[in-house]
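The values are calculated or read from the model by the stated rules, or taken from the named source; none is laboratory data. The model shown is predicted, which means the values in this text are computed figures rather than measured ones. Here Cβ is always computed from backbone atoms with ideal geometry, including for glycine, and neighbour counts include all displayed protein chains. Please note that ligands, DNA and RNA were not included when accessible areas were found on the heavy atoms of the full protein model with its side chains. Shrake-Rupley method; radii C 1.70, N 1.55, O 1.52, S 1.80 Å.
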Amino acid sequence: MILLAQVVNSKQKILVTGAAGFIGFHVSKALVERGDEVIGLDNINDYYDVNLKFARLNELGISREKIIEQELLISEKFSQFKFIKQDITDLKKLEELFLNEKIDKVIHLAAQAGVRYSIENPHAYVQSNLVGFVNILECCRHNNIRHLVYASSSSVYGNNKKVPFSEEDRVDYPVSLYAATKKSNELMAYTYSHLYQLPTTGLRFFTVYGPWGRPDMAPMLFANAITKGEPIKVFNNGEMERDFTYINDIVEGVVRVSDNTPTNNDDNTCYRLFNVGNSKPVKLLDFISQMEIALGKKAIKEMCPMQEGDVVHTYADTSSLEHAINYKPGTLLRRGVEKFIEWYKTVD
């Protein structure tokens, strides 16, 4: 159960981009369940199986057959939730949405995801993560948005040798284009906070997992392979650590941060960055062991070399987040994996 902070204002309208995505779906659901008015936006691209995206939307009361391009659709489950199939790279349509809907806050989670995919398809990342992001910034600037919260990534730390990773660390050496676009988002947000006093908060997410997760990420790939008795690829011969963070912890952090609008810093900007991670890095082989226990079946491991664009370890220092909003992610890996596998077993 997610114990979300109470709504700060009696009524607020929040735009959640990437609402059909893994994190966007969960954030949208949490917000409407606590009483916020939410507009979900997603272009429903085919980076991975769109059926999963439509299934998430169905959980939010949005029927696939009723979705019409660039038309707001009211949820059949939540009267305060609306969805629009739209692309953030279309500035004109985005401007119309902001103008017509009188949005208070934006939680921007839409992006072209995937570290390895960025090596093969760089232009997709430039369009979605750079062009799309500046369009969001421009719309926020011109519509007096009270707070823009946006997804960054732990990938900005690259192969940082200092652990745990702190927001004060230098992040000038990204090892993938995906990471470079996320670092660029942080720089662009800072500029808009400085020039236009637009309150912005960037969240560096650390290896998010849980129910409704992406099929191209390790938990789903491992669960599928172990269940079918197929080998799983273990990169860098298992010598990797990840700060696995359960989805409920991510949602709690996003919502609490959204409620906590930044004020001017010493340099006259309303700009913040926070790590959102479990702060307990886990060896990849240990994560696989937890999956084996939850599934009741051993994995067939295929040891592989390190992949391009990947990093050896991630480890979040979340002291800044704790200080700002009095919250620290803390779901135990064993419990998180159990909950993920409980959901996985219900999926056809």
Residue check for residue 110: touching a residue at least 60 places away in the same chain (Cβ under 8 Å) and in contact with an Asp or Glu (Cβ under 8 Å, 6 or more places away or on another chain)
yes
Checking residue 188 against (1) modelled with pLDDT of 95 or more; (2) under 14 Å from the mean Cα position of the chain (by Cα), only one condition comes out false. Which one?
(2)
Is one or more of the residues making up segment 282-289 surrounded by fewer than 19 Cβ atoms within 10 Å (Cβ to Cβ), of a type in the set (S, T, N, Q), modelled with pLDDT of 95 or more and out of contact with any Gly (no Cβ under 6 Å at 6 or more places or on another chain)?
yes
From 211, 215, which residue is open to solvent by 10 Å² or more (accessible area, probe 1.4 Å), within 19 Å of residue 30 (Cβ to Cβ) and either assigned to a loop (DSSP other than H, G, I, E, B) or among the aliphatic types (A, V, I, L, M) (or both)?
211
Considering only segment 33-41, I want to know if a residue exists there that is at pLDDT 95 or above, open to solvent by 10 Å² or more (accessible area, probe 1.4 Å) and in a helix (DSSP H, G or I).
yes
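Can you pull out every residue in segment 170-199 that is in contact with an Asp or Glu (Cβ under 9 Å, 6 or more places away or on another chain) and closer than 26 Å to residue 251 by Cβ?
Those that are in contact with an Asp or Glu (Cβ under 9 Å, 6 or more places away or on another chain) and closer than 26 Å to residue 251 by Cβ: 171, 176, 183, 192.
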The number of residues in segment 105-125 that are of a type in the set (Val, Ile, Thr), touching a Leu at 6+ places or on another chain (Cβ under 8 Å) and open to solvent by 30 Å² or more (accessible area, probe 1.4 Å) is 1
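Of the residues 329, 262, only one is touching a Cys at 6+ places or on another chain (Cβ under 6 Å), open to solvent by less than 40 Å² (accessible area, probe 1.4 Å) and in contact (Cβ under 8 Å) with a residue 12 or more places away in the chain; which?
One residue alone meets the criteria, 262.
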Scanning segment 268-287 for residues that are touching a strand residue (DSSP E or B) at 6+ places or on another chain (Cβ under 7 Å) and charged (D, E, K, R), which turns out nearest to residue 244 (Cα to Cα)?
283
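Could you list all residues from segment 130-160 that are assigned to a helix (DSSP H, G or I) and among the polar types (S, T, N, Q)? Write out each step before concluding.
So the first thing to find is which residues in segment 130-160 are assigned to a helix (DSSP H, G or I), and the list is 130-142, 154-157.
Those that are assigned to a helix (DSSP H, G or I) and among the polar types (S, T, N, Q): 135, 154, 155.
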Among the candidates 25, 81, 98, single out the residue that is under 18 Å from the mean Cα position of the chain (by Cα) and either surrounded by 19 or more Cβ atoms within 10 Å (Cβ to Cβ) or of a type outside the set (S, T, N, Q) (or both).
25
